[in-house]
1. THR187 versus (1) within 25 Å of GLY281 (Cβ to Cβ); (2) surrounded by fewer than 17 Cβ atoms within 10 Å (Cβ to Cβ); (3) among the β-branched types (Val, Ile, Thr): which is the lone unmet condition?
2. Report every pair of residues separated by at least 6 positions or lying on different chains whose Cβ atoms are under 6 Å apart, first residue within the stretch 215-232 and more than 14 Å from GLU178 (Cβ to Cβ) and within 9 Å of ligand 1 (Cβ to nearest atom), second modelled with pLDDT of 75 or more and not in a loop (DSSP other than H, G, I, E, B).
3. Any chance the stretch 255-277 includes a residue that's closer than 26 Å to ASN60 by Cβ and not in a loop (DSSP other than H, G, I, E, B)?
4. Taking ALA261 as the residue in question, decide whether it is without any contact (Cβ under 8 Å) to a residue 60 or more places away in the chain, within 15 Å of ligand 1 (Cβ to nearest atom) and either of a type in the set (A, V, I, L, M) or within 18 Å of PHE338 (Cα to Cα) (or both).
5. Looking only at the stretch 32-66, which residues are among the polar types (S, T, N, Q), in contact (Cβ under 8 Å) with a residue 40 or more places away in the chain and either away from ligand 2 (no atom under 15 Å from the Cβ) or touching a Leu at 6+ places or on another chain (Cβ under 9 Å) (or both)?
6. For the stretch 436-452, enumerate the residues that are surrounded by fewer than 19 Cβ atoms within 10 Å (Cβ to Cβ) and assigned to a loop (DSSP other than H, G, I, E, B).
7. Given the criteria in contact (Cβ under 8 Å) with a residue 40 or more places away in the chain, within 16 Å of ligand 2 (Cβ to nearest atom) and of a type in the set (A, V, I, L, M, F, W, C), does ALA108 qualify?
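The values are calculated or read from the model by the stated rules, or taken from the named source; none is laboratory data. From a predicted model like this one, the values you see are computed outputs, not experimental measurements. Cβ atoms come from the backbone with ideal geometry, glycine included; neighbour counts cover every protein chain shown.
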Amino acid sequence: MNTLLLNGKSREDIELAGKILRDGGLVAIPTETVYGLAANALNPKTVRRIFEVKGRPADNPLIVHIAELSDWEKLVRELKSDAIKLAERFFPGPLTVILERSEIVPDAVSAGLPTVSVRMPSHPVARAVIRAAGVPLAAPSANLSGRPSPTKFEHVKRDLMGKVEAIVDGGDCALGVESTVITLAETPPRILRPGAVTVEELREVIGEISLDPAVTSPLPPGESAASPGMKYRHYSPASPLTLVDASPEEYGKFLSTKPGARALCFDEDLDFLAAPGLSFGGRYSGEEQAKNLFSCLLRLDDEGRAPVFAHLPSKRGVGLAVYNRLIRAAGFEIINPFGHMVIGLTGSSGAGKSSVAEILRERGFHIIDCDRLTRSGEVYDEACIRELLGAFGEDIAEDGILNRRKLAVRAFGTAESKKKLENIVFPRILSAVRRKLSEIFLSGERFAVLDAPTLFEAGADNLCARILTVTAPAEERLRRIIERDKISKEEGILRLNAQEDESFYTSRADFVIENPDGGSPKEAAALAADALVRELNMEIHPNLDQV
Ligand code: TXA
Ligand code: MG
């Protein structure tokens, strides 16, 4: 078949795409998530061709794409109030909503299920093509079944050239992972596939939501998937792919034991890798990772078949979508190469970090108190003091004993002098922490918590595989530091203002423990600690020691 290559910027080409679709043809179109392979959703014959071309199992239903809300009403039995609320907030955009279907939806679209999934893409070319076609469009991702989803025009050409009537070029997809899929056909609503619209955002709009277990774990044998797409090996690159659950430093160390293997990593990992790695984004940017993941997987395949070790992403926010795609791409192969895990614990002053540390200690975690370690002679040893005298003046010490107050006055005067102090002290803190960690893990412990107010500033997050931050409302933090440090309100406000915003900590966290206003911080911390323990138990691979 001759495949027409159309330009998404050309009005004529859009009209032509619409006509091909109306006439029963298949057209691959760009959307803000990934490219889709579209057909008239109301024509069972053309819908069946989608399955043939993709090699898609017939029991895996398709998403119907609309440009107007009025089209949705015709496709479903009842447009529930939650659906309308979700549409008001997220349509057009990367959200797919499942409801009971009406009679006009062909069986082929729903793969025989009593429901239909609908989304209104925000990509202007997708919207223009749907309007030009004048019918709702059924469109799965425009890849051959099982392959990574296409996020660039080139990817679609590679999979579908000669197999479909046309492909519309709309440039690179902005988001890079498929839409979030939520079903409102049950109570409470359930997320079947995470995407760019996060669980947290959905909860803000419609309250209680459950997360299908298949989002983060393999289906137990014999169990059927709520979303049939979840049961297939998916997004698979041709190269063997394994996920590595480790800190950036450990990830680098592990890869140095795998000569010839390739690293699919975060920007932050590059410093720890001996051989060049392929970064798919910043460690703390789920959005960046989502945008680049599939194209990186495809690029690795272009470069050969040597094994790939990918760094396991966080499950928070958009990270959950990246996590979900990667564990499927890897066939759920996750290893923790050293059999242990360091958890960073941080947060702004007064948020209640120490109570959380205390509770974790009670639960058997080994805690390294970085403040205490910093004050110890291990960090401020003779060589360190000599360097400090050189940088800040001989008179900050008397008889070899550091006058910390004088040092503080000089070091915290300007941003530049503060940096100077940090350059001397932080590397020493890191070395001391590394020594402590080796002791702890040599003794057979599997978890260590690094309690560090300047975890990120000191680069100690590179030693951590998980990060936990504690937050509390600003007034609450102020009250606590005034009480704890016996200072005036004015002084307390100054100190809080000198700190990073709460978002600095929360945007980098795997877990956020909220310390409620007026509530007992201990209770909130205990709850969160339990959740942490549960999750860690779940995530630690049972036979990691043999890796
Ligand atoms: O972002 C997206 O959603 C992209 C673009 C092209 O819009 N489309 C996409 O479609 O990812 P597809 O077919 O690759 O994935 C659809 C997923 C599958 O896992 C399928 O099983 C599930 O949604 N799904 C569709 N309809 C369903 C239904 N009625 N009930 C349960 N799951 C459904
Ligand atoms: Mg797909």
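1. Of (1) within 25 Å of GLY281 (Cβ to Cβ); (2) surrounded by fewer than 17 Cβ atoms within 10 Å (Cβ to Cβ); (3) among the β-branched types (Val, Ile, Thr), only one is false for THR187: (1).
2. ALA225/ALA214; ALA226/LEU192
3. No; the residues of the stretch 255-277 include none that is closer than 26 Å to ASN60 by Cβ and not in a loop (DSSP other than H, G, I, E, B).
4. Taking the combined requirement at face value, the residue does not satisfy it.
5. THR33, ASN40, ASN43
6. Those that are surrounded by fewer than 19 Cβ atoms within 10 Å (Cβ to Cβ) and assigned to a loop (DSSP other than H, G, I, E, B): SER443, GLY444, GLU445, ARG446.
7. no
Residue-wise test of (1) free of Cβ contacts under 8 Å to residues at least 12 places away in the same chain; (2) under 16 Å from PRO121 (Cα atoms); (3) within 16 Å of ligand 2 (Cβ to nearest atom).
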| site | (1), (2), (3) |
| --- | --- |
| ALA138 | no, yes, yes |
| THR151 | no, yes, yes |
| VAL168 | no, yes, no |
| THR183 | no, no, no |
| LEU192 | no, no, yes |
